[in-house]
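Following: one structure in structure tokens, then a few remarks.
The values are calculated or read from the model by the stated rules, or taken from the named source; none is laboratory data. As the structure is a computational prediction, the values presented were derived from the model and not from experiment. Virtual Cβ from ideal backbone geometry, glycine too; neighbours counted across all protein chains shown. Ligands, DNA and RNA are excluded from the accessible area calculation, which covers all protein heavy atoms including side chains. Shrake-Rupley method; radii C 1.70, N 1.55, O 1.52, S 1.80 Å.
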Amino acid sequence: METIYRVATVAGVEILRRLKAILVVLLVWGGVSLLHWLPETQCLMLGLTAILTVQTLRMLVAKPAAAAIESEIYLPPVSILVPAKNESPVLSDLVYSLCQLNYPSDSLDIWVVDDGSTDETPQVLKELQTQFPALQVHRRESKGGKSGALNAVFPFTQGEIILVCDADAQLRANFLRQTVPLFQKQAIGAVQVRKAISNADTNFLTRCQQMEMCCDSFLQTHRIAIGGMSELRGNGMLVSRELLEKCQGWNENTVTDDLDLCFKLYLAGAEIEFITVPSIQEEGVTTWEKLWYQRCRWAEGGYQRYLDYFPQIITLGWAKEIDLLLFFILQFLLPIGLIPDLLWTIFYSHHPVLLPLQTLLSIILTIAFIAGVYQFQSLRGWSLLWATIQGSLYMVHWIPVMIVTTLKMCVQRERSHWVKTEHRGGIT
């Protein structure tokens with residue numbers, strides 16, 4: 001009976017999501033068509049652009065404050081959770097680095113979840129447990145991807161702070177001493193560190209992913225600086241145990257547990273800190289096909305949370321609401337609105353009404369790319385200019401990703417299944 005109820009609940013959530021997704025698309029297409037059909041309504045677009053431009057200027061010129069650590073003596077118990085499904089190529093390096101962390105061993109709780117692996121992961125973990133007796137392994141049959149793995153092991157953990165690492169993560173020995181003390185601030189419910197690409201020198205795609213992470217770091221710190229929202233990135237995120245329990249763990253009915261958890265934490269009254277030092281490394285995908293599937297999953301999860309947590313998210317206060325509005329419009333609504341805008345422009349020789357928003361998005365990304373690459377990759381002169389050009393061309397892939405994802409969510413009967421990113425290892 002419980003299983004039937006759960007299945008019915010999930011089906012109900014998916015139907016509601018689909019209806020909301022259809023409604024959003026119809027509203028966007030109707031709004032864009034109205035702007036073309038009645039030119040006098042374009043003053044509304046100018047007004048919206050003006051509001052978002054002011055928010056953009058506030059964000060871009062803000063000066064992020066360095067995250068302050070009140071006392072380095074604050075070393076509460078920490079549990080490190082590593083979901084691992086077919087991760088035999090990378091687990092050894094990660095476990096070795098985790099067991100070398102500069103943190104009191106009696107306050108450290110390291111768990112790897114063997115999430116129904118079909119490769120040599122179980123054998124690798126057995127060998128690692130022999131070498132590192134402190135390593136704990138939880139085995140289960142995979143039933144829900146990363147979220148399910150995290151929820152399965154969470155009741156066995158002891159830490160006041162939970163650190164989640166992907167199996168391909170690489171982190172330095174002082175990682176915890178540079179992050180955990182931030183939780184002394186009562187408002188801080190989670191901390192996300194800057195991510196970097198360990199195989200950035202492999203090809204064009206991995207180099208661009210590295211620049212994309214730099215751009216993301218710039219935007220996150222500047223959003224926080226004006227009272228906006230930060231986002232968790234899955235790998236290298238630390239979360240308060242108390243808040244995780246309040247949020248009832250990770251949502252297993254989503255394909256991006258980290259993005260979903262962001263909204264749950266903010267609705268619970270917590271703040272999310274983003275820091276650029278230390279960083280955590282992970283592998284970037286190396287082919288366009290893998291990039292497409294990864295980004296479609298990210299886009300679906302990011303869009304899902306707006307559908308799931310509306311209208312609750314309009315209760316977060318004006319600073320976070322205007323921040324959400326800026327990124328929701330430019331990241332999700334603008335791409336889907338380009339379809340009717342292009343059709344009206346082609347068939348009726350109109351001027352594109354969404355050009356002001358497209359221009360605003362281009363300005364944000366260009367400045368963020370330049371500043372992020374300048375700050376985190378130390379590029380200067382022509383190298384910086386060439387990197388920005390490459391990064392700008394690379395980021396165009398998000399437009400078809402968003403269009404396909406938002407349209408797919410209008411017709412699919414169930415959410416996409418979580419699919420892990422393949423890790424190869426052997427990166428120095």
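I need the fraction of alpha carbon pairs in segment 76-189 separated by more than 24 Å, rounded to a whole percent. Here the tail beyond 24 Å accounts for 22 percent of pairs.
Using a/c under 1.5 as the rounded threshold, could you call segment 241-361 rounded, prolate or oblate? The axes a ≥ b ≥ c are square roots of the C-alpha gyration tensor eigenvalues, and prolate needs a/b larger than b/c, oblate otherwise. Judged from the Cα gyration tensor, segment 241-361 comes out prolate (a/c at least 1.5, a/b above b/c).
The aspartates and glutamates within cross-link reach of Lys126, meaning a Cα-to-Cα straight distance under 20 Å and a gap of 8 or more places when in the same chain, are Glu87, Asp93, Asp109, Asp114, Asp115, Glu141, Asp166, Asp168.
Heavy-atom accessible surface of Leu259, to the nearest 10 Å², is about 20 Å², with a 1.4 Å probe and all protein chains retained. Only aspartates and glutamates eight or more places from Lys320 in sequence, or on another chain, were considered; those with a Cα closer than 13 Å are Glu231, Glu271.
Within the shell of other residues whose beta carbon sits under 14 angstrom from the beta carbon of Phe154, the net charge comes to -3, with Lys and Arg scored +1 and Asp and Glu -1. Taking the 1.4 Å solvent-accessible surface of segment 177-299 as the whole, the part contributed by carbon and sulfur is 47%. Measuring gaps between exposed loop sites in the chain (GluC sites (Glu not before Pro); DSSP loop; at most 15 other Cβ atoms within 10 Å), the longest gap, sites not included, is 161-413. Computed on protein heavy atoms with a 1.4 Å probe, the accessible areas place His138, His36 in the order His138, His36, largest first.
Net charge dipole, the chain: roughly 700 debye, given to the nearest 20, about the Cα centre with Cβ charges of +1 for Lys and Arg and -1 for Asp and Glu. Of [x] 24, 58, 17, 1; [y] 25, 47, 22, 5, 0; [z] 24, 51, 14, 6, 4, 0, which is the value of P(r) over Cα pairs in 20 Å bins from 0, in percent derived from the coordinates here? The listed entry that was calculated here is [x].
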